[in-house]
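Input: a single structure, listed below in structure tokens.
The values are calculated or read from the model by the stated rules, or taken from the named source; none is laboratory data. Everything numeric in this text was worked out from a predicted model, so none of it was measured. We place every Cβ from the backbone using ideal geometry, glycine too, and count neighbours over all the protein chains shown. Quick note on the areas: whole protein, heavy atoms, side chains included, nothing else; ligands and nucleic acids left out. Shrake-Rupley method; radii C 1.70, N 1.55, O 1.52, S 1.80 Å.
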Amino acid sequence: MTALIIDGKKIAEGIHQEVADTIRKRTAAGYPVPGLATVLIGEDPASQIYVRNKIRTCEKLGIHSVAYTLPADTTLKTLEELINFLNAAPDIHGILVQLPLPEQIDEYRVLSLINPQKDVDGFQPINAGMLSRKNSTPWFIPCTPAGILKLIQSVEPEIAGMEAVVIGRSSIVGMPTAQLLCRNNATVTICHTQTRQLAEVCRRADLLVVAVGHSKLVKADWVKPGAIVIDVGQNRVEDASADKGYVLTGDTDFDAIVPIARAITPVPGGVGPMTIAMLMRNTLSAAIKFSV
Ligand code: NAD
């Protein structure tokens, strides 16, 4: 078997197209242009790149964006004032606070301040809580998990009853991904640093989602033949021969897994582009549902 390489870039471009078309039609009909505010604190180079890419994509699709860049020593009070201002701004439909935050700022507190109807990242406790509850529908599903589900469904539209293993239980990727797969009726196991017999657990998976941040952790013999493997990892591995001095690798041993899996996402070009596409879709959806 040779795995299908899932083209996240192409699937993301399809979503961009849909979002741009809808915005064009809606603005022509007099509806407001969707607006996204990004808030970046400090100078983490990876966060700067992520925010820049999000703003560029907004421009491309016709989303109005406003970028706030604050120094690393910003206080919680300053951030609170900014979020309160954005919560009340009628031209802003989505608020994205880029994570991680500097140590002096309580992440949970900041996320709690965002109006849940503008919470396009889906991390506000009300949306996070609704994701975990049966018979409740969150206003926004976190972008990376939503993108992961789309990638899986591009291969296998119906995942009910499938055995899914998610490695990683972070609040932004692993846990909401596990909850989303469970809501779609997969049988889900969540693994983490304390998991015993990790390789053995992984070998049960029809769907294996790896969100760890450890280059090439998952080896070929951890993968069940015919499994769908979603590699979320984005690891910068030093490489003097590369232009940037590093290469980007995933959390799986991609080349060795290709002959075994049914489908796998590459890094880069798999989950990364989908995260941005789902953010654009959430921002449009915020404008459609909650414009005042
Ligand atoms: P995190 O550090 O918050 O969480 C990592 C999780 O992996 C933890 O739950 C931990 O228990 C688990 N873990 C760590 N080492 C492990 C091991 N050896 N065995 C089993 N479990 C282990 O990270 P995160 O924010 O969830 O991100 C995970 C990866 O996904 C990172 O590489 C990050 O850069 C990437 N990421 C990519 C996107 C994207 O859009 N492509 C978005 C978010 C995160």
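In the range 149-168, what residues are in contact with a strand residue (DSSP E or B) (Cβ under 8 Å, 6 or more places away or on another chain) and more than 9 Å from the ligand (Cβ to nearest atom)? Let's see the steps before the verdict.
First, the residues of the range 149-168 that are in contact with a strand residue (DSSP E or B) (Cβ under 8 Å, 6 or more places away or on another chain): 151-152, 155-156, 159, 161-168.
Matches in the range 149-168: Leu151, Ile152, Val155, Glu156, Ile159, Gly161, Met162, Glu163, Ala164, Val165, Val166.
Does Val165 fit the bill of being among the aliphatic types (A, V, I, L, M), surrounded by fewer than 18 Cβ atoms within 10 Å (Cβ to Cβ) and more than 14 Å from the chain's Cα centre (by Cα)?
Details: among the aliphatic types (A, V, I, L, M): yes; surrounded by fewer than 18 Cβ atoms within 10 Å (Cβ to Cβ): no; more than 14 Å from the chain's Cα centre (by Cα): yes.
Against the criterion (among the aliphatic types (A, V, I, L, M), surrounded by fewer than 18 Cβ atoms within 10 Å (Cβ to Cβ) and more than 14 Å from the chain's Cα centre (by Cα)), Val165 does not qualify.
So that you can scan it fast, the table gives a plain yes or no per residue for (1) touching a Gly at 6+ places or on another chain (Cβ under 9 Å); (2) crowded, with 19+ Cβ neighbours inside 10 Å; (3) basic (Lys, Arg); (4) over 18 Å from Gly272 (Cβ atoms):
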position: Gly8; (1), (2), (3), (4): yes, yes, no, no
position: Val19; (1), (2), (3), (4): yes, yes, no, no
position: Lys25; (1), (2), (3), (4): no, no, yes, yes
position: Gly30; (1), (2), (3), (4): no, no, no, yes
position: Val33; (1), (2), (3), (4): yes, no, no, yes
position: Val39; (1), (2), (3), (4): no, yes, no, yes
position: Arg56; (1), (2), (3), (4): no, no, yes, no
position: Lys60; (1), (2), (3), (4): no, no, yes, no
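If you scan the range 14-40, which residues turn out to be in a helix (DSSP H, G or I) and within 16 Å of the ligand (Cβ to nearest atom)? Walk me through how you get there before you give the answer.
Keep residues of the range 14-40 that are in a helix (DSSP H, G or I), which gives 14-28.
Across the range 14-40, the qualifying residues are Ile15, His16.
Go through the range 251-269 and give me each residue that's touching a Leu at 6+ places or on another chain (Cβ under 7 Å), within 16 Å of the ligand (Cβ to nearest atom) and not hydroxyl-bearing (Ser, Thr, Tyr).
Answer for the range 251-269, where residues must be touching a Leu at 6+ places or on another chain (Cβ under 7 Å), within 16 Å of the ligand (Cβ to nearest atom) and not hydroxyl-bearing (Ser, Thr, Tyr): Asp251, Val267, Pro268.
Under 7 Å between Cβ atoms, which residue pairs at least 6 apart in sequence (or on different chains) link something in the range 217-239 that is within 16 Å of the ligand (Cβ to nearest atom) with a partner that is of a type in the set (Asp, Glu) and at pLDDT 95 or above?
As it stands, the answer is Leu217/Asp251; Val218/Asp251; Val218/Asp253; Lys219/Asp253; Asp231/Asp251; Val232/Asp251; Gly233/Asp251, since those pairs meet every condition given.
Restricted to the range 169-180, and to residues that are open to solvent by 10 Å² or more (accessible area, probe 1.4 Å) and small (Gly, Ala, Ser), which residue is farthest from the ligand (Cβ to nearest atom)?
Of everything passing the filter in the range 169-180, Ser171 is farthest from the ligand (Cβ to nearest atom).
Looking only at the range 41-54, count every residue that is open to solvent by less than 30 Å² (accessible area, probe 1.4 Å) and either over 28 Å from Glu103 (Cβ atoms) or assigned to a helix (DSSP H, G or I) (or both) and tell me the total.
Looking only at the range 41-54, we keep the residues that are open to solvent by less than 30 Å² (accessible area, probe 1.4 Å), and these are 41-42, 46-47, 51, 54.
Then keep just the ones that are either over 28 Å from Glu103 (Cβ atoms) or assigned to a helix (DSSP H, G or I) (or both); that gives 46-47, 51, 54.
Residues that pass the stated criteria total 4.
Taking Arg203 as the residue in question, decide whether it is near the ligand (Cβ under 9 Å from one of its atoms) and either farther than 16 Å from Asp251 by Cα or basic (Lys, Arg) (or both).
Values: near the ligand (Cβ under 9 Å from one of its atoms): no; either farther than 16 Å from Asp251 by Cα or basic (Lys, Arg) (or both): yes.
The answer is no for Arg203.
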